[in-house]
Amino acid sequence: MLNALTDHLEEVAALILFGIGFSNLLLNRNMIKKIIGFSMMDSAIYLFLASYGYIRGRLAPILPAETPAPSVTQYVNPLPAGLVLTGIVVSVSSTAIMLALTVRLYRRYHTLNIDEIAMRAKEADEA
Amino acid sequence: MKMNDDRIRWLADGSESLDSEMLREYGQPEAEEAPDAFEMPHPRERRYYHLLHTWTHRRGERLMNRMYSVAVVLICVAICALLIATTADMPRFGDAAPLEDDNLSEFYVEEGYRHTGAANIVTGIILDFRGFDTLGESHVLFIALCTVLMLLYLPKKSDPKTMREWLESEADDRRFEPHADLILQQGAVLLVPLVLVFGVYILLNGHLSPGGGFSGGTVLGAGLILYLLAYGFRKTERFFNFRTYRRLTTSALLFYALSKGYIFFTGANGISNGVGTGRFGAILSGGLLLPLSVAVGLVVACTMYVLYTLFRKGDL
């Protein structure tokens, strides 16, 4: 555990951020704050992937000039960057849909508290 | 027809009349329901019932909430501890060990530019090797926008169902967004051209330097949103309306799908596709990567802008 803290400080920071986002998602009653927690979990995953791909002392994977055989020992891992790019687009899309649903709920019930929304929806169902 | 007259009056008088109308509508106290008459035969039973009822409402609810919070914090801490303990098995941060066992990354770095012609290996990966993945991503954006459109689009018809929502969103728009703000407009005069040119630069240099379709498209979208904030919908409607969005996005996605399908089809069958990789480092190198990233950038820019307008007033 202590070894994890000294050797993997970046990964540990990302995972703690993930935990904060998750508890934010579960504890808050406000829908907007829940969505913020969800986005924090997304960002934590990107931080984790980016720190996994980083290699100390190496260059970004952009070739400066045409070389006959670029060596893999010069550049950082390019694959996590591509995966993070995909993830960011998907998280933007899901955040947009969640916020749109929240706007609809607010227009209907005039509150952002999820308990109140559930209560009123139940009342509307029973009536 | 009364609703229509109301709308015209509200729009003509500005938001104040609408405010007073809404205040009158929502400010009225709701009719209270009569509590259920609950007949208890014995006074002792009634007292116990009363005690239980008050306890549930005062203490019990609070107790349940507190227990829920404690349980949530415990679960989150446990998950965090488990994940952190797992990192002990991972290679050290900044270590080259993961790359050494990774034949795929090695192939991308050593052979990537020979196959794609792109100096930026990441762009080569996402637009060439994983091209269909990026096509799916663009479609995810497109589908998300369609969903938001279904949820938030408020047509300005005299349909009494959407009338109130439209009026409310219009009132919000008038209340919270800047109108002909002089500082913002002067800033936008300087900033918008710079932002747009920088976005185009990122878009066109994605295969040579850091950048590409997604980042360039986001910067372009931000420039459009700044212009909209400074000058309002009247000015942006002249060059960007819903029809523009539909045409741009569908043609960009169609172009992407067709060209990617063509490249993969010819590549799989060993036919020469007639698109060379170009000279290394030139703007036209990388074969189809440049048009593909422009297509992705157009989709992203339009989507960002339309998302903003939909959230702001439910229309373009």
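Points to keep in mind about this one:
- Flag if B:G27 is out of contact with any helix residue (DSSP H, G or I) (no Cβ under 6 Å at 6 or more places or on another chain), modelled with pLDDT under 85, more than 10 Å from chain A (Cβ to nearest Cβ) and on the phi > 0 side of the Ramachandran plot: no
- The set of residues in the stretch A:46-74 being touching a Gly at 6+ places or on another chain (Cβ under 7 Å) and away from chain B (no Cβ under 11 Å) consists of A:Y46 alone.
- Only one of B:T236, B:T277 that is in contact with a Leu (Cβ under 6 Å, 6 or more places away or on another chain) and either closer than 26 Å to B:A119 by Cα or not charged (D, E, K, R) (or both): B:T236
- Single unsatisfied condition, B:L182 versus (1) free of Cβ contacts under 8 Å to residues at least 12 places away in the same chain; (2) under 24 Å from the mean Cα position of the chain (by Cα): (2)
- Complete set of residues in the stretch A:49-71 that are in contact with a Ser or Thr (Cβ under 9 Å, 6 or more places away or on another chain) and part of a helix (DSSP H, G or I): A:G53
- Residue that is farthest from the other protein chains (Cβ to nearest Cβ), among those in the stretch B:262-282 that are β-branched (V, I, T) and assigned to a helix (DSSP H, G or I): B:T266
- 1 or more residues surrounded by fewer than 16 Cβ atoms within 10 Å (Cβ to Cβ): qualifying helices (runs of 4 or more DSSP H) within the stretch B:72-171: B:97-100, B:103-116, B:131-152
- Scanning the stretch B:201-217 finds one or more residues that are within 30 Å of B:R174 (Cα to Cα), within 18 Å of the chain's Cα centre (by Cα) and in the same structural domain as B:L141 (by TED's automatic domain parsing).
Here is a yes/no grid of residues against (1) in contact with a Pro (Cβ under 7 Å, 6 or more places away or on another chain); (2) touching a residue at least 60 places away in the same chain (Cβ under 8 Å):
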{"residue": "A:K34", "(1), (2)": "no, yes"}
{"residue": "A:M40", "(1), (2)": "no, no"}
{"residue": "A:I45", "(1), (2)": "no, no"}
{"residue": "A:A50", "(1), (2)": "yes, no"}
{"residue": "A:R56", "(1), (2)": "no, no"}
{"residue": "A:L59", "(1), (2)": "no, no"}
{"residue": "A:P64", "(1), (2)": "no, no"}
{"residue": "A:A69", "(1), (2)": "no, no"}
{"residue": "A:T73", "(1), (2)": "no, no"}
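- Single residue of B:S259, B:S285 found to be buried (at least 17 other Cβ atoms within 10 Å of the Cβ), part of a helix (DSSP H, G or I) and either touching a helix residue (DSSP H, G or I) at 6+ places or on another chain (Cβ under 9 Å) or in the same structural domain as B:G216 (by TED's automatic domain parsing) (or both): B:S259
- Sole residue being over 30 Å from B:G117 (Cα atoms), of a type in the set (K, R) and in contact with a helix residue (DSSP H, G or I) (Cβ under 9 Å, 6 or more places away or on another chain), chosen from B:R175, B:R243: B:R175
- Any hit, the stretch B:235-244, residues being in a helix (DSSP H, G or I) and farther than 19 Å from B:L145 by Cβ: yes
- A:T86 being more than 7 Å from chain B (Cβ to nearest Cβ), surrounded by 13 or more Cβ atoms within 10 Å (Cβ to Cβ) and of a type outside the set (A, V, I, L, M): no
- Scanning the stretch A:20-32 for residues that are touching a residue at least 12 places away in the same chain (Cβ under 8 Å) and assigned to a helix (DSSP H, G or I) yields A:I20, A:G21, A:F22, A:S23, A:N24, A:L25, A:M31, A:I32.
A quick yes/no check of all residues on (1) modelled with pLDDT under 90; (2) assigned to a helix (DSSP H, G or I); (3) of a type in the set (K, R):
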{"site": "A:M98", "(1), (2), (3)": "no, yes, no"}
{"site": "A:R107", "(1), (2), (3)": "yes, yes, yes"}
{"site": "A:I117", "(1), (2), (3)": "no, yes, no"}
{"site": "A:K122", "(1), (2), (3)": "no, yes, yes"}
{"site": "A:D125", "(1), (2), (3)": "yes, yes, no"}
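- Scanning the stretch B:50-71 for residues that are of a type in the set (S, T, Y) and surrounded by fewer than 12 Cβ atoms within 10 Å (Cβ to Cβ) turns up just one, B:T54.
- Every condition in (1) part of a helix (DSSP H, G or I); (2) more than 22 Å from the chain's Cα centre (by Cα) is met by A:D42 except one, and the failing one is (2).
- Of all residues in the stretch A:8-29 being farther than 20 Å from B:I75 by Cβ and touching a helix residue (DSSP H, G or I) at 6+ places or on another chain (Cβ under 8 Å), the one that is farthest from the other protein chains (Cβ to nearest Cβ): A:A13
- Entry remark, the stretch B:211-226: residues being touching a Ser or Thr at 6+ places or on another chain (Cβ under 9 Å) and surrounded by fewer than 21 Cβ atoms within 10 Å (Cβ to Cβ) number 1 in total.
- Yes/no for B:E111 being facing chain A (nearest Cβ under 7 Å), under 30 Å from B:L284 (Cα atoms) and among the charged types (D, E, K, R): no
The values are calculated or read from the model by the stated rules, or taken from the named source; none is laboratory data. All of these numbers come straight from a predicted model, not from anything done at the bench. Cβ: placed from backbone, ideal geometry, glycine included. Neighbour counts: every protein chain shown.
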